[in-house]
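Remarks on the structure that follows.
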Amino acid sequence: MDESRQSSWTGAGAALRKAAPPPALCGFLLLLALIFTVSYVVGAGAGPVAPGMHGSGTSRDGGDGGDGGGGGGVDDMGDMQGGHG
C-alpha cells in the first residue's frame, strides 16, 4: 500500500517539475530584474541628462519658434522640400 502512494507522489512531482521553468531561467530573469532596478535607481539619482538644454536659436524667426525649443518640423530643415514632389 505504501508503494502505490509513493508512485503517485513521484508521478505528480515529475509532472510539476516538467511544468516549472528551469532554475537557470528563473535566475536569469531575477538577475535581469535586479539590473533594471539598479539602473533605474542610478538614473533617477543622476537627474536629467541636460537640465539647461534649450533650442539652438537658429530658426528663421530668430526665436525658439514658439514650440518650446524642442520640435524640429519641416520648417527647421532649411531648403529641404519636406516630402512634396
Single unsatisfied condition, residue 72 versus (1) in a loop (DSSP other than H, G, I, E, B); (2) surrounded by 10 or more Cβ atoms within 10 Å (Cβ to Cβ); (3) modelled with pLDDT of 60 or more: (3)
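To keep it simple, each residue is scored yes or no on (1) in contact with a Lys or Arg (Cβ under 7 Å, 6 or more places away or on another chain); (2) surrounded by 10 or more Cβ atoms within 10 Å (Cβ to Cβ); (3) modelled with pLDDT of 80 or more; (4) part of a helix (DSSP H, G or I).
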residue: 4; (1), (2), (3), (4): no, no, no, yes
residue: 17; (1), (2), (3), (4): no, no, no, yes
residue: 21; (1), (2), (3), (4): no, no, yes, no
residue: 27; (1), (2), (3), (4): no, yes, yes, yes
residue: 43; (1), (2), (3), (4): no, yes, yes, yes
residue: 51; (1), (2), (3), (4): no, no, no, no
residue: 60; (1), (2), (3), (4): no, no, no, no
residue: 67; (1), (2), (3), (4): no, yes, no, no
residue: 83; (1), (2), (3), (4): no, no, no, no
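The values are calculated or read from the model by the stated rules, or taken from the named source; none is laboratory data. Just so you know, these numbers come straight off a predicted model, no measurement behind them. Ideal geometry is used to build each Cβ from the backbone, glycine not excepted, and the neighbour counts take in all protein chains shown.
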